[in-house]
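Trainee: Quick one: structure below, then a few questions.
The values are calculated or read from the model by the stated rules, or taken from the named source; none is laboratory data. Keep in mind it's a predicted model, so treat the numbers as computed, not measured. All Cβ positions, even for glycine, are placed from backbone atoms using ideal geometry, and neighbour counts span all protein chains on display. Ligands, DNA and RNA are stripped out before the accessible areas are found, and what is left, the full protein with its side chains, is counted by its heavy atoms. Shrake-Rupley method; radii C 1.70, N 1.55, O 1.52, S 1.80 Å.
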Amino acid sequence: ESLTASERRIAELASQDLTNREIAQLLFITDRTVEGHLTSVFRKLQLDSRNELSAAVPSRTPVSA
């Protein structure tokens with residue numbers, strides 16, 4: 001299965017070592033929404049840990065400080 005746009009964006013941010021809370025604040029969504037999208041990403045890409053995200057989802061847009 002392919003990732004939705006929201007799943008891909010959250011996965012990219014998570015692969016840049018942002019916490020769920022930081023991602024939620026950046027995208028103006030709840031922590032639970034971030035958790036739900038990441039759960040879907042892990043299932044779809046068959047990943048076991050957050051450390052595997054950077055290899056599975058190359059980041060296209062760096063986060064600006």
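Trainee: Taking only protein heavy atoms and a 1.4 Å probe, what accessible area per residue, in Å², does the chain have with all protein chains in place?
Mentor: 67
Trainee: First compute the accessible area of the chain with a 1.4 Å probe, then give the percent of it belonging to carbon and sulfur atoms.
Mentor: Taking all protein chains in place, the chain shows 49 percent carbon and sulfur surface.
Trainee: Let me check something: with ligands and nucleic acids excluded, how do 28, 42 order by accessible area (1.4 Å probe), largest to smallest? Write out the running numbers ahead of the final one.
Mentor: Details: 28 185, 42 55 Å².
Putting 28, 42 in descending order of accessible area: 28, 42.
Trainee: May I ask you to work out the translational diffusion coefficient for segment 10-54 at 10 °C, viscosity 1.306 mPa s, via Stokes-Einstein with Rh from the Kirkwood sum over Cα pairs, reported in whole µm²/s?
Mentor: This corresponds to a translational diffusion coefficient of 154 µm²/s.
Trainee: Moving on. Enumerate by residue number the GluC sites (Glu not before Pro) in segment 1-31 meeting two conditions: DSSP loop (anything except H, G, I, E, B), and at most 16 other Cβ atoms within 10 Å of the site's Cβ.
Mentor: Hits after loop and neighbour filter: 1.
Trainee: Using a Förster radius of 22 Å, what is the FRET efficiency between residue 35 and residue 2 based on their Cβ-Cβ separation? Nearest 0.05, please.
Mentor: According to the calculation, E is roughly 0.60.
Trainee: In whole Hz, with x marking every Gly and Pro, tabulate ³J(HN,Hα) for segment 7-15 from phi via Karplus 6.51 cos²θ - 1.76 cosθ + 1.60, θ = phi - 60°.
Mentor: 4, 5, 4, 5, 5, 4, 5, 5, 6
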